[in-house]
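Take a look at the following structure, please.
The values are calculated or read from the model by the stated rules, or taken from the named source; none is laboratory data. For clarity, every value in this text was computed on a predicted model and none was experimentally measured. Positions of Cβ are generated from backbone atoms using ideal geometry, with glycine treated the same way; all protein chains shown enter the neighbour counts. To get the accessible areas, we keep the full protein, side chains included, count just its heavy atoms, and leave off ligands, DNA and RNA. Shrake-Rupley method; radii C 1.70, N 1.55, O 1.52, S 1.80 Å.
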Amino acid sequence: MVLDPYNQTDHPDCKSRPDIGLSGITELDPGYITGPLSSVWKEWIKWCIEFGIEANAIIAVPYDWRLSPSMLEERDLYFHKLKLTFETAYKLRGGPSLVFAHSLGNHVFRYFLEWLKLEIAPKHYNQWLDQHIHAYFAVGAPLLGAIETIEATLSGFTFGLPISEGTARSMFNSFGSALWMLPFSKYCRTDNKYWKHFYGGRHVGKQTYKCDEQEFQSNFSGWPTKIINIEIPSAKEIPESNLSSMECGLPTQLSFSAREISDGTFFKAIEDYDPDSKRLLHLLQKSYLGDPVLNPLTPWDRPPIKNVFCIYGSDSKTKVGYYFAPSGKPYPDNWIITDVIYEFEGSLMSRSGTLVEGKIGPISGDETVPYLSLSLCKNWLGPKVNITRAPQSEHDGSDVQIKLNVEHHHEEDIVPKMTRLPRVKYITYYEDSESLPGKRTAIWELDKANHRNIVRSPVLMRELWLEMWHDIHPDAKLEFVTKAKRGPLRDEDCYWDYGKARCAWPDYCEYRYVFGDVHLGQSCRLRYTTAEVLSHYL
């Protein structure tokens, strides 16, 4: 799988390409590397088909996740093909598509939207989007990057595969996508290349990277703490800003913020001590900071799509910083992690128990992406927001809490003062009460939903389906699906209540034996047809 780190060509002994179609996203084949058969989007596809969506209406667009965004287009014409896919789907189905993206897939879709601006005449761009894309569901989007990218870059991240961390590091750093999810500052941007393209001629010159005053008033680029704290072996050519408390010839502890990571300052600082730094700096300049379409290491604006749903897990222990030191071993094992900083339950904690300097938010992330990065999409909400908190499991509405018309100020997080019962997992909905003209935005926070497993969550499947069904139904009266109750939607949601010796949810479920049932729960089935059950959510 290793690629040439400079030109992104295949290994001379092996050429790898992504699978195509639904098989590319359904499940991983069993094998020495992947272990047993494992599901990816399989459950989501089953839900769609079960509720009446034709299989050929579900279109998967897998991509080579090793490549930088520009190389996806240069080698595979990925974004040209994606545009044609939307246009073909529109002609076949007669209507716009619903887009679902998870994790890095959201960065791919963002890049596509920017690439499209340079392909379509300006006056037709929004028209094309309105015609071809009805809604965008961004699941687990690392909108300001992900901290674990640093771990993969410096010490290796195996994802449980039977390889050493050093091997994982060498492989990861050969990929053009290695830097795509680097953490970056929410206060720094580049010039708008779109307008330069149309009004500044073909040769737009070097892009300007600018930071707001907040970047320099905060030590952390808006993040909870410094992301990298690293011990440099000696005092060679270290930036003056990092020379405090240095003794010549002795190891020095340097700290780097998100901005200093994404603009290359960090990699320059360790260039003399790490052979990968020069390659990574080359990749950073060529494929990210100098990308002709978009610098992906800049904050997102709300995508110009009519309906946007940003969905992520929260309230789990999540890494927000690292301490690295030289290991004394040769590359690729030349760095070791000496400490890790986590966000959890409104506080910062380190693995070693040492005190951590920083500014923590009220909620933590999804075990992989910090909350600050996931929740940036709250900035996309309109000036007034309706907030609803409800249990994730089926409920009768007695534990639903609602706040209407909450004032929302841009750049400020919205944190509702709502109660939480112990041992109950909630889902908190933030939905436009007053939206931008012609736009509709919603944020869903799912307690304890894991980043990598969220696409298999039955709770998410239920909410996604209800919203999809509600949006396309001609009789829908509400702007968003009602949260007043959540009863069983499928026979699989009905189960036997042994305490009451009957099927649970008797208003929805009844005991109805079918030959082949092997236990009582299997014989609990919906009383009504799916259409009758769904009619309560219009």
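Using Cα pairs closer than 8 Å and at least 6 residues apart in sequence, work out the relative contact order for the chain, in percent.
Result for the chain is 13 percent.
Another one. Work through the residues other than residue 223 whose Cβ is under 13 Å from its Cβ and net out their charges, Lys, Arg +1 and Asp, Glu -1.
+1
Tally up the carbon and sulfur contribution to the accessible surface of segment 55-142 as a whole percent, 1.4 Å probe, everything protein left in place.
Summing carbon and sulfur atoms, their accessible area is 54 percent of the total for segment 55-142.
Using unit Cβ charges (K, R positive; D, E negative) and no other charged atoms, how large, in debye to the nearest 20, is the dipole of the chain about its Cα centre?
Dipole of the chain, to the nearest 20 debye: 840 debye.
Over the chain, average the accessible area per residue using a 1.4 Å probe and give it in Å², no decimals.
47 Å²
Ok, one more. For segment 491-537, which whole percent of the accessible surface, found with a 1.4 angstrom probe, sits on carbon and sulfur atoms?
55 percent
Right, next: Out of segment 369-440, which GluC sites (Glu not before Pro) are coil in DSSP terms and have no more than 14 other C-beta atoms within 10 Å?
Taking segment 369-440 and a limit of 14 other Cβ atoms within 10 Å, the loop GluC sites (Glu not before Pro) found are 411, 412.
Using the structure shown, select from 278/329; 286/439; 319/403; 117/226; 42/425; 448/500 the pairs with a Cα to Cα distance greater than 27 angstrom.
286/439; 319/403; 117/226; 448/500, as the Cα separations exceed 27 Å there.
Percent of accessible area on segment 372-490 owned by carbon and sulfur, 1.4 Å probe?
Here carbon and sulfur together make up 53 percent of the probe-accessible area.
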